[in-house]
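Asker: Sharing a structure below in structure tokens format, with a few things to ask.
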Amino acid sequence: MGLMNFIASLFGGGSGRNVIKETAEVFIPNAEASAQRAADRAKGAQAQFSAEFAARERRGWFNSLVDGLNRLPRPALAYGTIGLFVYAMRDPVSFGERMQGLALVPDQLWWILGAIVTFYFGAREMQYNREARFAAPQLVSQVVSNVREIRTLRPESPGIADGEIDPESVAADNAAVDDWRKAS
């Protein structure tokens, strides 16, 4: 009976402790517990996002104002740049005066402005690239399918990509190439 009690104590019989499992979890994390933690983390993030975007009608005027201001920089820069071109054509003298004033701005301030614009737009571009990177493998099969379909639209055309054309046979009917060969 002593051996059976020893084995039972190792595997959690009676006492509720599993010594082998507890020792193994020191070196290798419990996969089920890790998956549960990851699921809880994802559920918490989704709950936070849904709380942020749900019930917009209950949000205050300040939150709506800040959301609107966050959407302004890109259109403001685009329309502002177009506006500068219009202003330069409409009143070149006044435009030249304003540009001379900008020439007095120190380089360090231009660097700071460049850094702000770069980080603002760079972060957005990086997010779009991350999303596109995950979508790229699915797009490959679609692109291959589209190329095959396009090639079937012109069955009379030679398959250049498939190596069906010999460059020498194409050049054989070309008078300019014949003249060049004779000259060299």
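Asker: Does Pro29 satisfy the condition of being under 42 Å from the mean Cα position of the chain (by Cα), farther than 30 Å from Ile116 by Cβ and modelled with pLDDT under 85?
Answerer: Values: under 42 Å from the mean Cα position of the chain (by Cα): yes; farther than 30 Å from Ile116 by Cβ: yes; modelled with pLDDT under 85: yes.
Criteria met by Pro29.
Asker: For the stretch 25-76, how many residues are farther than 25 Å from Arg124 by Cα and surrounded by fewer than 10 Cβ atoms within 10 Å (Cβ to Cβ)?
Answerer: Here the count works out to 10.
The values are calculated or read from the model by the stated rules, or taken from the named source; none is laboratory data. These figures come from a predicted structure and were not determined experimentally. Positions of Cβ are generated from backbone atoms using ideal geometry, with glycine treated the same way; all protein chains shown enter the neighbour counts.
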